[in-house]
Structures are given as structure tokens and as C-alpha cells.
1. Within the bounds of segment 271-288, is there any residue that is within 13 Å of the ligand (Cβ to nearest atom) and closer than 30 Å to Ala24 by Cβ?
2. Out of the residues in segment 304-319 that are out of contact with any Gly (no Cβ under 8 Å at 6 or more places or on another chain) and either open to solvent by less than 40 Å² (accessible area, probe 1.4 Å) or not acidic (Asp, Glu) (or both), state the one that is farthest from Asp248 (Cα to Cα).
3. Are any residues in segment 271-290 surrounded by 15 or more Cβ atoms within 10 Å (Cβ to Cβ), out of contact with any strand residue (DSSP E or B) (no Cβ under 7 Å at 6 or more places or on another chain) and part of a loop (DSSP other than H, G, I, E, B), and if so, which ones?
4. Out of Leu284, Leu199, Leu255, I need the residue that is at pLDDT 95 or above, closer than 30 Å to Phe116 by Cβ and among the aliphatic types (A, V, I, L, M). Which one?
5. Within segment 269-277, identify whether any single residue is touching a helix residue (DSSP H, G or I) at 6+ places or on another chain (Cβ under 9 Å), closer than 29 Å to Ser120 by Cβ and not assigned by TED's automatic domain parsing to the domain that holds Cys122, and answer yes or no.
6. Which residues, counting only those in segment 188-233, are away from the ligand (no atom under 12 Å from the Cβ), under 19 Å from Lys322 (Cα atoms) and of a type in the set (Gly, Ala, Ser)?
7. Residues in segment 132-186 that are among the charged types (D, E, K, R) and in a helix (DSSP H, G or I): how many?
8. List the helices (runs of 4 or more DSSP H) inside segment 67-120, counting only whole elements, that have at least 2 residues being within 14 Å of the ligand (Cβ to nearest atom).
Amino acid sequence: MNSNQKRILVTGGAGYIGSHACKALAAAGYTPITYDNLVYGHPWAVKWGPLEKGDILDRTRLDEVITTYRPEAVMHFAAYAYVGESVENPGKYYRNNVTGALTLLEVMRDHRIDKFIFSSTCATYGVPKEMPISEDHSQFPINPYGNSKLMVEQILKDFHLAHGIRSISLRYFNAAGADADSEIGEKHDPETHLIPLILDAATGKRSHITIFGDDYDTPDGTCIRDYIHVTDIAAAHILALEKLGSQDGACAYNLGNGKGFSVKEVIDTARKVTECDIPTQIGLRRAGDPPRLVGDSTRIRNELGWEPVFSDLTSIIETAWKWHNNRDT
Ligand code: UFG
């Protein structure tokens, strides 16, 4: 570890988005310290700094790691993120996502670390009333996962007032794609996300992809989402970190491309990219899926100068496909 480099604690740094943030941090001259309990994270995804195994609910372990590395800021990715599971087992989500974040923030307060970047989600908006969704849209989540993230956003406002912790919450739309060098990428167990499942159907690992409902009020009847490349999400974290050097407060930004694609459009694009036949079946609607989610990210473009590099669906799927074929894990 280069002792002159600024150290950033990255909870969940062994996960999909967290590991891409670690790569971006290293490229920007920081040392990412990954703090991950490895329940869903992968040791192979930690390549740009030390891995410290630990749980965000474990105050003693957090204290130890922070005492060792003295990070100047925290990026908090560690969370459970299965919407369906959160409905069935809300306690698991509130304990980990809310109590875990609270524990982390209290340890930060005690160590006088005052910069925090939080992985929030478009799921905090609930069923949208206007499209595209701006940050000023009302927030009424429709599942415990979204509620848990919104609660942390609220805690951050209170911790700013009481303890001076400045924060930026980034509300991601649908994270997708993989590192363009294929060093890291998306691998969940169980996998529930659309693009990796489509790619499994392309390689024959799965027999088909089930489309969850084709009777929505959208042009082709399937759900529309705003897919955003994971490397563009990671880049936004670096901009947010730099902004926190001068900006006080607890604020939030959307992170999306502002373009919606239906499930059928994603499958058609994947057919072109992979040149594979991708068998589909029409299934039932999945509970809790809004028909259309598209974000307005004007605020982060204007205030932080964020500009997505992989803003078209083809390049998002191309990077995912390259990773999908190269990964040996
Ligand atoms: N879908 C299918 N078949 C599948 C899997 C997904 O048709 O086998 C559809 C879904 O119904 C949805 C779209 O593909 O319309 C995208 O689904 P994902 O599961 O990939 O992503 P979600 O939109 O459900 O979830 C994402 C994040 C969550 C976040 C949520 C906010 O992964 O963490 O957006 O709505 F909470």
C-alpha cells in the first residue's frame, strides 16, 4: 500500500458495483480498502487494495479496520438487494441495510470521518407519477428494500445536522455491463438480473429467458428500465468523493441514462451482440415490478459534470458479454 495515497473505506468492495468503484478509485490515485463479509462478495473481485473481512454490523471490527487504515471517506455499497426476498424477510433487510449503515455511521462519527457516499436506488421512488423521474419526485417505496435505502437517506440528513457528516446518495437505476477490460463483472448467486440471465440463455447454460409479463401498458407490453453501465456508476462515485471535499450537506443524485428499454428490446439487442439464438418464454408478471422506470440525471450532469461513457445499450451488453465469456469463476 502506498502510504501517501488517500485511503477510502469501501464496504461491499468485493461485490459487483463496489469492485468497479475500487478499480476507479485506484485509477484516480486512491487506495480502496475493501470491507466485506463475503456473504455475496467475491475475494477474486478485490484487486486494487487490501481486503478486510468484516460485517457492517460488527462495530468492534469496523473500529479496528478504521483505526488501522484511517480512511478519509467511506463509500458504502454493502447491502442486501433482492427486492423479492425483502418482501418475504423484511427483518433481514432492515437489520443489515439500516442498522448496518447506522453502525457504520456511528463508528465514522467516533473517528471523525466526515465524508460518506451511499448506494441508494430508484426503488426509493416507488411507483412513479412522472417520467423521467427527477430527484424531487416523491419517495414512497413499495418494498422493504426500497424502504431500507430511504431510511438511510433520512439518517444521513440527521447525521449531517448533528455530527457534520457530509454525504452524497446516488440513486442508481438498473446497473448493468462489466469492466471493459473484463477484470471484473456481474456475478450474483442466485442470479436474478435480466442481462446475465439473458446471456446464460445465449450460451445454453439456461434453456431460455422468461419474460415477466408482456401485458404491461408499454409499446411492446414488456417492462421498461433505464440501464446504466457499472463503470459509469463507478465514475460518478469518484466525482462525488471529490465534490465532498468542498460541498457540505446531505444530498442525492439520480444515476441513469435517461433512456428506457423494454425487456424485449434488451433481448433483441443481446441477440445482435451475441449472434446467438436466445429462446424466450412469456411468464407471469413479477410482483412489485413497475411498468416503466426512467431517470432524469440532469442534476448530476450539471453539478458534478458526470457524463456516461457507455450510454448505449449495445455497448453495455457488449461488455457484459465479453466478461460472461472470459470469466473463469
Ligand atoms: N426480468 C424478466 N425476466 C427475468 C428477470 C428480469 O423479464 O428473468 C425483467 C423484470 O421484470 C424487469 C427487468 O427485467 O422488468 C429488469 O429486471 P432486473 O431484475 O434485472 O432489475 P430490477 O429492475 O428488478 O431491479 C433493479 C435493481 C434493484 C432495484 C430495482 C429498482 O437490481 O436493486 O432495480 O426497481 F431495487
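1. Start the filter on segment 271-288 by keeping residues that are within 13 Å of the ligand (Cβ to nearest atom), which leaves 278-288.
Among the residues that remain, those that are also closer than 30 Å to Ala24 by Cβ are: none.
No, segment 271-288 has no match at all.
2. My answer is Thr314.
3. Selection gives Cys276, Gly288, Pro290.
4. Leu255
5. Yes, that holds for at least one residue.
6. Selection gives Ala202, Gly204.
7. First pass over segment 132-186, keeping only residues among the charged types (D, E, K, R): 135-136, 149, 153, 157-158, 166, 171, 179, 181, 183, 186.
Retained after the next criterion (residues that are in a helix (DSSP H, G or I)): 149, 153, 157-158.
Final tally of qualifying residues: 4.
8. 83-88
The values are calculated or read from the model by the stated rules, or taken from the named source; none is laboratory data. Nothing here was measured: the structure is a model prediction, and the numbers come from that model. FYI the Cβ positions are ideal-geometry reconstructions off the backbone, even for glycines, and counts take in every protein chain you see. Surface areas here come from the heavy atoms of the whole protein model, side chains and all, with no ligands, DNA or RNA. Shrake-Rupley method; radii C 1.70, N 1.55, O 1.52, S 1.80 Å.
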